[in-house]
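Participant: Please find one structure pasted underneath; my questions will follow.
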Amino acid sequence: MQYNSTIKSIQIANPAVKADNLQAGAEIIVPFSYDVVDTNINYTYKILQTDVSGLTARYPFLEVFTSGASVLGRDLIGLRLGIGETKVFYAASHHSLEWITSVVMMKFVEDYCDAYANGTTLSGFDIRKLFTQVSIYIVPMVNPDGIELVLNGLSPSNPNYDNLIKYNNGSTDFSKNWEANNNGVDLNHNYNASWEEAKAASAELGITSPGPTRWGGDYPFSEPETKGVSSYVDTSNFALVLAYHSQGEVIFYNYLNIDVANAVTIGNKLSEVSGYALERIDNIGQFAGFKDWFIKEFTRPGYTVEVGKGTNPLPISQFDKIYKDNLPLLLTAADEAINL
Ligand SMILES: [Zn+2]
């Protein structure tokens with residue numbers, strides 16, 4: 001066909017249109033035959049927006065939500081896969097240098113939609129079945145402003161222009177070190193879970209003000225990104241959460257010594273399918289992150305998954321291995337949540 005499309009993909013994108021009721025002049029969506037999510041490019045917020053439009057056009061059953069906005073007013077876009085009663089929440093890119101995790105989430109969304117639409121399996125999971133059992137809520141880019149600084153640099157129109165250079169030790173190059181948001185706050189040190197202790201630990205490293213990494217802000221939830229995500233999670237009754245970071249090929253499962261039923265059992269399964277190690281964190285200075293707050297608040301399983309190996313930002317050339325390791329992990333986490 002002219003658009004290199006298929007009848008099947010046109011039917012999926014236009015569920016109301018049947019072969020016998022297509023009227024002349026009716027507007028239909030004709031998807032291109034290639035994939036929406038390009039896993040071989042620097043993944044900016046703009047690309048995320050384009051991919052979300054492309055995926056929702058192609059797969060009308062894919063729901064979009066927002067979990068707040070960034071400092072600069074970018075929507076924290078979320079995608080919901082499935083209609084099941086059990087709800088899980090996956091978040092990626094709290095840290096800007098770790099944007100490869102956004103690509104993992106978006107490719108997962110595309111593959112999941114494709115498997116659902118076509119009635120196929122993914123990593124051995126029956127996606128049509130999982131779709132009716134679990135709702136997977138995904139916020140693929142918690143820190144879009146930070147990623148903008150890393151990938152596109154500091155815009156002269158940034159309202160925090162002068163401060164950001166100051167926070168970055170006088171440099172306009174944010175591409176190799178910037179983990180924080182547009183206020184110089186490390187979002188994964190801004191949650192209300194041992195926030196004071198994490199702040200004291202950062203102070204021991206000489207970090208006492210906004211900067212590229214590890215500054216937890218003036219108070220917990222001082223930032224719109226953490227406020228937005230935590231408010232959304234607070235009212236949504238999630239059985240389990242995953243927070244995606246890079247790097248280390250490791251899964252962290254604990255907050256302090258809070259005993260969460262099934263956290264180790266499920267953690268071991270996630271470890272087994274991904275090949276990542278399951279580990280504890282015992283250094284209190286490393287808390288105040290999203291999964292810590294979730295465990296503290298709900299006493300339910302929450303995991304930080306550190307993908308890939310090397311120095312952040314990981315090169316996109318690692319994507320294929322990272323995705324292969326994490327696809328079964330993402331599916332297993334949803335499947336395990338059913339029985340919680
Ligand atoms: Zn991180």
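Participant: (1) exposed (fewer than 15 other Cβ atoms within 10 Å of the Cβ); (2) part of a loop (DSSP other than H, G, I, E, B); (3) free of Cβ contacts under 8 Å to residues at least 60 places away in the same chain: which one isn't true of residue 5, the others all being true?
Facilitator: Failing condition for residue 5: (1).
Participant: Then there is this: Which of the numbered conditions does residue 265 fail, given that it passes all the others? Conditions: (1) in a helix (DSSP H, G or I); (2) within 15 Å of the ligand (Cβ to nearest atom).
Facilitator: Unmet for residue 265, out of (1) in a helix (DSSP H, G or I); (2) within 15 Å of the ligand (Cβ to nearest atom): (2).
Participant: What is the residue count in the range 121-173 for residues that are closer than 21 Å to residue 91 by Cβ and charged (D, E, K, R)?
Facilitator: Number of matching residues: 2.
Participant: I've got another one for you. Which ones in the range 154-172 are surrounded by fewer than 13 Cβ atoms within 10 Å (Cβ to Cβ), free of Cβ contacts under 8 Å to residues at least 40 places away in the same chain and assigned to a loop (DSSP other than H, G, I, E, B)?
Facilitator: Within the range 154-172, 155, 156, 157, 170, 172 qualify.
Participant: Here's another thing I want to ask about it. Quick one: which residue in 103, 134, 142 is crowded, with 24+ Cβ neighbours inside 10 Å, more than 14 Å from residue 78 (Cα to Cα) and among the hydrophobic types (A, V, I, L, M, F, W, C)?
Facilitator: When all the criteria are applied, what remains is 134.
Participant: Part of a loop (DSSP other than H, G, I, E, B), basic (Lys, Arg), modelled with pLDDT of 95 or more and out of contact with any strand residue (DSSP E or B) (no Cβ under 8 Å at 6 or more places or on another chain): is that true of residue 176 in this structure?
Facilitator: Against the criterion (part of a loop (DSSP other than H, G, I, E, B), basic (Lys, Arg), modelled with pLDDT of 95 or more and out of contact with any strand residue (DSSP E or B) (no Cβ under 8 Å at 6 or more places or on another chain)), residue 176 qualifies.
Results for (1) modelled with pLDDT of 95 or more; (2) under 19 Å from the mean Cα position of the chain (by Cα); (3) within 16 Å of the ligand (Cβ to nearest atom), shown as yes or no for each residue.
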| site | (1), (2), (3) |
| --- | --- |
| 284 | no, no, no |
| 295 | yes, yes, no |
| 308 | yes, yes, yes |
| 312 | yes, yes, yes |
| 318 | yes, yes, yes |
| 322 | yes, yes, yes |
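The values are calculated or read from the model by the stated rules, or taken from the named source; none is laboratory data. Source: prediction; values computed, not measured. Cβ atoms come from the backbone with ideal geometry, glycine included; neighbour counts cover every protein chain shown.
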